[in-house]
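The values are calculated or read from the model by the stated rules, or taken from the named source; none is laboratory data. Keep in mind that this is a model prediction, so the values were computed, not measured. All Cβ positions, even for glycine, are placed from backbone atoms using ideal geometry, and neighbour counts span all protein chains on display.
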Amino acid sequence: MLQRFSSLRPQSKREALACLSDLEDPVVIAGGTDLLVRMKKGESHRNLVDITSINELSGAAEHNKHITIGCASTFHMVSNDTRIRACAPSLAEAASWIGSPQIRSMATIGGNLVNASPAADSIAPLLVHDAELTLESKDQVRTESLEAFIRGPYKTSISAAELLSSISIKPLDGYVEGYRRVAKRAAWAISRLSVAWAMALERGTFADVRLAIGSCTPTPFRARNVERFLAGKERKPGVAAEAVELCLAEIRSITGERPTFVYKLPVLRDLLHAILGGG
Amino acid sequence: MFVGRDLTKIDALAKVTGKAAFSYDLKTEEMLFACVLRSERPHARITNIDARAALAVPGVLRILSATDIPGKNVYGAIRKDQPFLADGIVRFVGEPILVVVAQNETVARQVLGLIKVEYAEIPSILSTTAAAESPVHVREEGSLLALRTLRKGDVERGFADADVVIEHTYKTQWIDHAFMETEAGVAYPDTDGRIVVRSSTQNIHYKRAEIARMLALPEERVRVLQATTGGGFGGKLDVTVEGFLALAVYHLKRPVVMRFTREESFLSNTKRHPLHIEYKTGFRKDGAITAVKANIIGDTGPYASYGETVCLRVPVHAAGPYEVPNVHAECRMFFTNNPVAGAMRGFGIPQVAFAHESQLDEAAEQLGIDPIDLRMKNALKKGSLTATSQVLSASAGLLETLRQVEPFWRKRRKGRRGNGFGLGCMYYGIGNTGIANPANADLELAEDGTIILHTGACDIGQGSDTVLLQILLDTINVEPRYVVLDRGDTATSQDAGSTSASRQTYISGSAVRNAGIKLRAFLEQRGFYRGTPLSEIYRFAKDEKPLRFDGYFDPPASGIDKETSQGVPYVTYGFATHMTEVQVEEATGACHVNKVWASHDVGRALNPRLINGQIQGGVAMGIGFALMEDFVPRKTRSFDTYYIPTSMDVPEIEVMLVEDPEPTGPFGAKGVGEPALIPQAASLINAVRDAVGVSVFELPCDLERLKILLERRKEKT
């Protein structure tokens, strides 16, 4: 059962930050598709600060060759935004697989990151794009990389008075990129495994590879060993096979052997083979 | 003529406009809310209950326990063995212990957390193996609920005659009904002092009897009505909210409402029986089946519910829809501390079909015979002897369903890697097994010149309201405007039996026709068909006799032998063939269903569109059963982890109908509700085998299980 709470709907970012700093036990609600589920299970907050009607926190814009995405942008918007689709197709793709159409109309990218589920679909493509987050409180603004922001499963560096206001990503010009998720049914399912990738190829060799894997380790991660190994190598099955082994070893080194790996690692192996080997 | 036409469901408009009143829509301001405190232990003695803190909370009116039940604290469809409220011992997680009645839902649910129950643990029996071997019994009478056997011919000789023998063990999982509307209802005392219960249910007369026994009241003091019901699938046959509601009204004399949360529904509702099926089939070189031996073990949870029904249906149907001269099938149901397994669409036969259809496809490969030819060779047809040695004298259209699918089967072409096709056949006895299961229906000529159909048959969404009216309209040959339906009220109708076993069209339909024939003779005699208005007929006739015409039908099945199950368990059977096309992605193990072709012999299609709806729903449910649904006792809590198919998982479904009329059915009709589901998982699993060459012996064949099977095969080669 839902406990009693107050709901506030600030109309500007400044107002929202004031709410977060001045009210007792505040929490940001940015769609509520995670928060309300937790609250129905017993989590309680005195003041819900609903940021979904603040225009400046929603939508994508371009600044200095960076795309800035407002935290209250819904996944419906992220998956359909022409700029995001052009500059970060892996993110648009990931966004299009989250939940159901109803959930994508409510759930926001900021909420997904602050919830920090190991299976959050938006994280892997944002890691590939070296996402930088802007966190604001009433008297402070700071930026942090997404990689540093996520401290563990469902744990981030955000404080109660802070708002994750925007996410900034670099378009990867000249890269081929994509996102693939595996789930128990065709739609409306949590990712069992996800891979986001971006590759720059020059005459059949890997100039640069970026690879992020979700739902496998406590937090989605960039497979940097694999990325370093591949840099400058020819794109061929043997190289891909070696890269795959490196990747699986990296996962095992992070978490040790897990019961779910009987399934997940062979799948990851086959997906990576297809992605890296060009099969 | 209304029979045979796609008449729009009479409840369609009310449902699409949101006007239909489901149970919780009947809630009024003055209603109290009741909710249930449930066991957190699978097997324990309750040593102490302290509800003082909860009772002290403002808004809490009463907390009811087993000691507040004035009559018998047991219910059960077949045997009365399940307590409404735990009486000292709990036998599964979720078993009701107390009912809290409060001013509103918030208070009622909040105080559940203040009630302290102390338990003394009893060792839990969590598997059928443990049930068979452990000295601890879930029930005083022992661990075995039932053992049913079917024997026909001599299986050993049959296997000796076989050129090819296929033998495997198949396992199926726990399944939740996952109906859209969770269990709910309202209850109140009426001005005559009766207790009225209106709920989401598949049967009303049964529930009236259970409530009356619980409250030690004559049945006339209890009235049960069916509210608009959002799905049942067997899960609303057992008593759910009705007993608690009636008990609360009995003590408080005030109106009360209940609804289960989805989590509560998962925890408390009966489940499909998980079956362990050891199955052996013998074939001659020409494909003829010589023998079937099946040893089946089921987990029925701590109480009987419909366990015995499944336990009997399973051996009776174990050999599948084929002519098998020698059959030995046995089913045992064990009591455990898992959830109560009960009735669910098909009563064990979707599980069994998975086994016999898998065996057929493996045999087809070994024999070098096309799977459709192998099925056609062995198919039951008019004149065949079933496994119970019943002669099928009519309405046996399995071959025709195979022939309807045949052109699609013959011209199938496998596309890219991972593409595959599979067949599944089934037969299914309509109505209860080898016992009387009558239905009544009454027609009344009312003062205003309308004809009222009083039926106790619950429409749970499948469309019996519409079909019964179609039968009536054609029987008495009147326009719909003359007819009014009065459905689902024990005060105005006689028992029609449960909406289960695909029986309402066939049995209640025949009862309506029976009443209609009597009314028609009366109307004929009074000049209605020559133009005399009904209101005038009423005026002239009302003093002569009561203008009520009783209809009745009980399928004339003579029953089966207790030891061998030989005889006539059902008068008529549904037959079907499904063909499924899948695409398996070997990298992930994900299986997508591309298309399903479904052909059903329904006797007579009274309303083809409604039949189509049943088949579409059956296919969707079968996809869930085959590929993803998996209830894990004490772990599965909600749809968060219990996956059912979405519209994206359900393909185009091509429905074809065979009409081989059933002489005892209304206008030749039989039933389709369960047949729609039964062959689906079987045909899908055969398609997976065709697609990637692995045999699946355990359901669900979800992506993890399939990927692991694919990996194992790779290791072998």
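Which of the strands (runs of 3 or more DSSP E) contained wholly in segment B:20-117 include at least 1 residues that are touching a Pro at 6+ places or on another chain (Cβ under 9 Å)? I'd like the intermediate steps shown before the answer.
Working: elements: B:32-38, B:44-50, B:60-64, B:96-102.
Strands (runs of 3 or more DSSP E) meeting the threshold: B:32-38, B:96-102.
A quick yes/no check of all residues on (1) assigned by TED's automatic domain parsing to the domain that holds residue B:475; (2) in contact with a Cys (Cβ under 8 Å, 6 or more places away or on another chain); (3) among the basic types (Lys, Arg):
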site	(1), (2), (3)
B:627	no, yes, no
B:669	no, no, no
B:672	no, no, no
B:679	no, yes, no
B:689	no, no, yes
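Listed here are the residues, each with its yes/no results for (1) under 21 Å from residue B:360 (Cβ atoms); (2) within 11 Å of another protein chain (Cβ to nearest Cβ).
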residue	(1), (2)
B:612	no, no
B:622	yes, no
B:638	no, yes
B:650	no, yes
B:670	no, no
B:681	yes, no
B:717	no, no
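Take the conditions buried (at least 19 other Cβ atoms within 10 Å of the Cβ), touching a Lys or Arg at 6+ places or on another chain (Cβ under 9 Å), at pLDDT 95 or above and not in a strand (DSSP E or B) and apply them to residue B:185. Does it pass? Spell out the reasoning first.
Working: buried (at least 19 other Cβ atoms within 10 Å of the Cβ): yes; touching a Lys or Arg at 6+ places or on another chain (Cβ under 9 Å): yes; at pLDDT 95 or above: yes; not in a strand (DSSP E or B): no.
Spelling it out, it is not the case that residue B:185 is buried (at least 19 other Cβ atoms within 10 Å of the Cβ), touching a Lys or Arg at 6+ places or on another chain (Cβ under 9 Å), at pLDDT 95 or above and not in a strand (DSSP E or B).
If you take the residues of segment B:583-602 that are buried (at least 22 other Cβ atoms within 10 Å of the Cβ) and either among the aromatic types (Phe, Trp, Tyr) or away from chain A (no Cβ under 14 Å) (or both), which of them is nearest to residue B:708 (Cα to Cα)?
B:596
Is segment B:382-401 home to any residue that is out of contact with any Asp or Glu (no Cβ under 8 Å at 6 or more places or on another chain), of a type in the set (Ser, Thr, Tyr) and assigned by TED's automatic domain parsing to the domain that holds residue B:501?
No: segment B:382-401 contains no residue that is out of contact with any Asp or Glu (no Cβ under 8 Å at 6 or more places or on another chain), of a type in the set (Ser, Thr, Tyr) and assigned by TED's automatic domain parsing to the domain that holds residue B:501.
Look at residue B:47 and say whether it is surrounded by fewer than 19 Cβ atoms within 10 Å (Cβ to Cβ) and within 30 Å of residue B:125 (Cα to Cα).
Numbers: surrounded by fewer than 19 Cβ atoms within 10 Å (Cβ to Cβ): yes; within 30 Å of residue B:125 (Cα to Cα): yes.
Yes: the conditions hold for residue B:47.
Condition check ((1) touching a residue at least 12 places away in the same chain (Cβ under 8 Å); (2) of a type in the set (S, T, N, Q); (3) in a loop (DSSP other than H, G, I, E, B); (4) not assigned by TED's automatic domain parsing to the domain that holds residue B:337) across all residues:
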position	(1), (2), (3), (4)
B:191	no, yes, yes, yes
B:196	yes, no, no, yes
B:201	yes, yes, yes, yes
B:209	no, no, no, yes
B:213	yes, no, no, yes
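Listed residues B:344, B:333, B:376; which is outside the structural domain of residue B:232 (by TED's automatic domain parsing) and assigned to a strand (DSSP E or B)?
B:333
For segment B:141-182, how many residues are of a type outside the set (Gly, Ala, Ser) and either at pLDDT below 95 or more than 21 Å from residue B:282 (Cα to Cα) (or both)? Outline the logic, then answer.
Step one: filter segment B:141-182 for residues of a type outside the set (Gly, Ala, Ser), giving B:141, B:144-145, B:147-152, B:154-157, B:159, B:161, B:163-177, B:179-182.
Checking the rest, the ones that are also either at pLDDT below 95 or more than 21 Å from residue B:282 (Cα to Cα) (or both) come to B:141, B:144-145, B:147-148, B:172-177, B:179-182.
Qualifying residue count, segment B:141-182: 15.
Go through (1) within 14 Å of chain B (Cβ to nearest Cβ); (2) without any contact (Cβ under 8 Å) to a residue 24 or more places away in the chain; (3) within 28 Å of residue A:7 (Cα to Cα) one by one and return the number of the condition residue A:96 breaks.
So the condition that residue A:96 fails would be (3).
This table checks each residue for (1) within 14 Å of another protein chain (Cβ to nearest Cβ); (2) at pLDDT 95 or above; (3) within 30 Å of residue B:439 (Cβ to Cβ).
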site	(1), (2), (3)
B:543	no, no, no
B:553	no, yes, yes
B:560	no, yes, yes
B:575	no, yes, yes
B:604	no, yes, yes
B:615	no, yes, yes
B:627	yes, yes, no
B:643	yes, yes, no
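Going by the conditions given, is residue B:515 assigned to a helix (DSSP H, G or I) and either touching a residue at least 60 places away in the same chain (Cβ under 8 Å) or within 18 Å of residue B:553 (Cβ to Cβ) (or both)? Lay out the reasoning, then the answer.
Details: assigned to a helix (DSSP H, G or I): yes; either touching a residue at least 60 places away in the same chain (Cβ under 8 Å) or within 18 Å of residue B:553 (Cβ to Cβ) (or both): yes.
Considered against the rule, which asks whether it is assigned to a helix (DSSP H, G or I) and either touching a residue at least 60 places away in the same chain (Cβ under 8 Å) or within 18 Å of residue B:553 (Cβ to Cβ) (or both), residue B:515 comes out as yes.
For segment B:35-72, enumerate the residues that are closer than 23 Å to residue B:183 by Cα and among the polar types (S, T, N, Q).
Selection gives B:39, B:65.
How about segment B:109-126: which of its residues are crowded, with 16+ Cβ neighbours inside 10 Å, of a type outside the set (A, V, I, L, M) and away from every other protein chain (no Cβ under 14 Å)?
B:119, B:124, listed by residue number.
Can you tell me how many residues within segment B:402-461 are more than 27 Å from residue B:223 (Cβ to Cβ) and charged (D, E, K, R)?
So the answer is 9.
Could you check, for segment B:281-304, whether at least one of its residues is closer than 14 Å to residue B:147 by Cα and without any contact (Cβ under 8 Å) to a residue 60 or more places away in the chain? It would help to see each step written out before you state the result.
Kept after step one, since they are closer than 14 Å to residue B:147 by Cα, are these residues of segment B:281-304: B:294-300, B:304.
Those left that are additionally without any contact (Cβ under 8 Å) to a residue 60 or more places away in the chain: B:295-296.
Within segment B:281-304, one or more residues are closer than 14 Å to residue B:147 by Cα and without any contact (Cβ under 8 Å) to a residue 60 or more places away in the chain.
How many residues are within 14 Å of chain B (Cβ to nearest Cβ) and of a type in the set (Val, Ile, Thr) when one looks only at segment A:224-258?
1
In segment B:437-460, what residues are closer than 30 Å to residue B:317 by Cβ and touching a strand residue (DSSP E or B) at 6+ places or on another chain (Cβ under 9 Å)? Lay out the reasoning, then the answer.
From segment B:437-460, those closer than 30 Å to residue B:317 by Cβ are B:437-441, B:455-460; that's our starting set.
Listed by number, the residues that qualify are B:438, B:439, B:440, B:441, B:455, B:456, B:457, B:458, B:459, B:460.
For residues in segment B:513-560 being of a type in the set (Gly, Ala, Ser) and buried (at least 19 other Cβ atoms within 10 Å of the Cβ), which is nearest to the chain's Cα centre (by Cα)? Steps first, answer last, please.
Of all residues in segment B:513-560, those of a type in the set (Gly, Ala, Ser) come to B:515-516, B:521, B:527, B:531, B:535, B:541, B:551, B:557-559.
Narrowing further to those that are buried (at least 19 other Cβ atoms within 10 Å of the Cβ): B:515-516, B:551, B:557.
On the way: B:515: 27, B:516: 28, B:551: 25, B:557: 21 Å.
Only one residue fits best here, namely B:557.
Given the conditions (1) at pLDDT 95 or above; (2) out of contact with any Lys or Arg (no Cβ under 8 Å at 6 or more places or on another chain); (3) surrounded by fewer than 20 Cβ atoms within 10 Å (Cβ to Cβ); (4) not small (Gly, Ala, Ser), which single one is not true for residue A:239?
(2)
Quickly run through segment B:447-469 and pick out the residues that are under 24 Å from the mean Cα position of the chain (by Cα) and touching a residue at least 60 places away in the same chain (Cβ under 8 Å).
The answer is B:456, B:458, B:459, B:460, B:461, B:462, B:463, B:465, B:466, B:467, B:469.
Any residue at all in segment A:259-276 that's more than 13 Å from every other protein chain (Cβ to nearest Cβ), surrounded by fewer than 18 Cβ atoms within 10 Å (Cβ to Cβ) and not acidic (Asp, Glu)?
No, segment A:259-276 contains no residue that is more than 13 Å from every other protein chain (Cβ to nearest Cβ), surrounded by fewer than 18 Cβ atoms within 10 Å (Cβ to Cβ) and not acidic (Asp, Glu).
Run down B:108, B:132, B:77, B:146 and say which single residue is closer than 22 Å to residue B:331 by Cα and touching a Cys at 6+ places or on another chain (Cβ under 6 Å). Step through it out loud before you land on a result.
Numbers: B:108 fails: closer than 22 Å to residue B:331 by Cα; B:132 fails: touching a Cys at 6+ places or on another chain (Cβ under 6 Å); B:77 fails: touching a Cys at 6+ places or on another chain (Cβ under 6 Å).
Residue meeting the stated conditions: B:146.
Confirm whether residue B:661 is within 14 Å of chain A (Cβ to nearest Cβ) and in a loop (DSSP other than H, G, I, E, B). Spell out the reasoning first.
Working: within 14 Å of chain A (Cβ to nearest Cβ): no; in a loop (DSSP other than H, G, I, E, B): yes.
Against the criterion (within 14 Å of chain A (Cβ to nearest Cβ) and in a loop (DSSP other than H, G, I, E, B)), residue B:661 does not qualify.
So, in segment A:180-211, how many residues would count as being away from chain B (no Cβ under 14 Å), on the phi < 0 side of the Ramachandran plot and not hydrophobic (A, V, I, L, M, F, W, C)? Quick ask: steps written out before the conclusion?
Filtering segment A:180-211 down to residues away from chain B (no Cβ under 14 Å) leaves A:196-211.
Going one step further and asking which of them are on the phi < 0 side of the Ramachandran plot, we end up with A:196-202, A:205-211.
Cutting the leftovers down to not hydrophobic (A, V, I, L, M, F, W, C) gives us A:202, A:205, A:208, A:210.
Total meeting the criteria: 4.
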